[in-house]
Amino acid sequence: MTTATKPKSGYERWQDTINNAVGDAKWNAYDCEIQTAVNEINRHLSGTPGYSPLDWRLIKAMTWVESGAENKKWKSRPIQIGNTGDPGFDALLSNKEGGDLILPPTWKSHLNHSNVIAFPTYNLRAGISYLLMKMAHFSIQRVDDTDRHTYKVTVEAGDTLERIAKTHGSTVEVLKKLNPRAHTLHPGQVLEYRKAVVKKVIVGWRPVTTLGIAMYYNGGGDPLYAKKLDYAMTATRKGKSAVCH
């Protein structure tokens, strides 16, 4: 009696694709571009608290999961950011979620909707930036200005500490610290202040793991994303990477 072969699941068929990719040079087409981009953003973020250098192979594995060389989008959107209906790229450029703190200055002028969906070099950089934006912990903090001179301002009718701070480039916290007795303001009163701003800063990072990427980059769209990423990471280590100069 012939035993019927059990049809392969979608995940198993995907595994076959990845297994066949090992040793296939076209699946390594972006190795050098990814390494360059990761080195650039690692240097840019190296001074932020708790930053661990990003492993370029993790980004390579992401491209294998997101598209792969058998997908027509591989040649333009290998990491699949900027697609129609995808809010990720808009969030990155909005400066409301911290994208301005993640993006290296040399990247900012090139990352627009047209470039990101048409050119792999920009698609990769947008995807890497969005991933790290989602992995960063941000906080609103007072940041001292490089100008440490103490200035004086005379209170006018209707002034508040908030108004004075905003007008003179300081903060309420600084004003209170330098003028501990200024509980009630009155015209003619002289206050001291220093330059300071309140802004968003990076204070730490989530671990960049396959599970974290599945949660924060994929956003739960594919329940097998972390499993696929683990499998792709293992596969990329089996094959030879492109030789970069």
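Laboratory data are not the source of any read-out in this text; all were calculated from the coordinates shown. Please read these numbers as outputs of a predicted model, since none were measured by experiment. Every residue, glycine as well, gets a Cβ built from its backbone with ideal geometry; the counts of neighbours run over all protein chains shown.
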Q: Place a +1 charge on the Cβ of each Lys and Arg in the chain and a -1 charge on the Cβ of each Asp and Glu, then give the dipole magnitude about the Cα centre in debye, rounded to the nearest 20.
A: 280
(Q) Using a 10 Å cut-off around each Cβ, can you sort TYR216, TYR231 from fewest to most neighbouring Cβ atoms? (A) TYR216, TYR231
Q. How far is helix 10-21 tilted, in degrees, relative to the longest principal axis of the Cα atoms in the chain, given as a value from 0 to 90 rounded to the nearest 10?
A. 90
Q: Kindly provide the pair-distance distribution of the stretch 80-187 built from C-alpha pairs, with 10 Å bins from 0 and whole-percent values in order of increasing distance.
A: 12, 32, 16, 18, 16, 6, 0
(Q) Running a GNM on the chain with Cα contacts under 10 Å, which residue among THR84, THR121, THR210 ends up with the highest mean-square fluctuation? (A) THR84
Q: Would you mind checking the radius of gyration and Dmax of the stretch 1-73 based on alpha-carbon positions, in Å?
A: 17.8, 68
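Once you've got the Cα coordinates, tell me which of LYS177/LYS199; LYS8/LYS72; LYS73/LYS199; LYS96/LYS238; LYS8/LYS134 are over 29 Å apart.
Checking Cα-Cα distances, LYS73/LYS199; LYS96/LYS238; LYS8/LYS134 exceed 29 Å.
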Q) Which is farthest toward the positive dipole end of the stretch 1-122 among SER109, ILE59, GLN15, measuring Cα position about the Cα centre, with Cβ charges +1 (Lys, Arg) and -1 (Asp, Glu)? A) GLN15
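What net charge do the residues around SER76 carry, taking every other residue with its C-beta under 15 Å from that of SER76, with Lys and Arg at +1 and Asp and Glu at -1?
With Lys, Arg at +1 and Asp, Glu at -1, the neighbours total +2.
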Q. In whole percent, what relative contact order does the chain give with Cα contacts below 8 Å and a gap of six or more residues?
A. 24
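By counting other Cβ atoms within 10 Å of each Cβ, how are HIS113, HIS168, HIS149 ranked from fewest to most?
Listed from fewest to most nearby Cβ atoms, that is HIS149, HIS113, HIS168.
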Q. What does the charge add up to near ALA182, with Lys and Arg as +1, Asp and Glu as -1, over the other residues with Cβ less than 12 Å from its Cβ?
A. +1
Q.
Could you work out the pair-distance distribution P(r) of the stretch 146-194 from its alpha-carbon pairs, with 5 angstrom bin width and percents rounded to whole numbers?
A. 5, 22, 39, 25, 7, 2, 0
Q: Show that you can apply the helix-only estimate: for the chain, add -39,500 (n - 2.57) for every DSSP H stretch of four or more residues, divide by all residues, and state [θ] at 222 nm to the nearest 500.
A: -13000 deg cm²/dmol
Q.
Can you order the peptides 199-205, 157-163 by their average number of other Cβ atoms within 10 Å per residue, highest first?
A. 199-205, 157-163
(Q) With mean projected area of the Cα convex hull in nm² as the read-out, I listed [x] 19.2; [y] 14.5; [z] 15.4; which label goes with the value calculated from this structure? (A) [x]
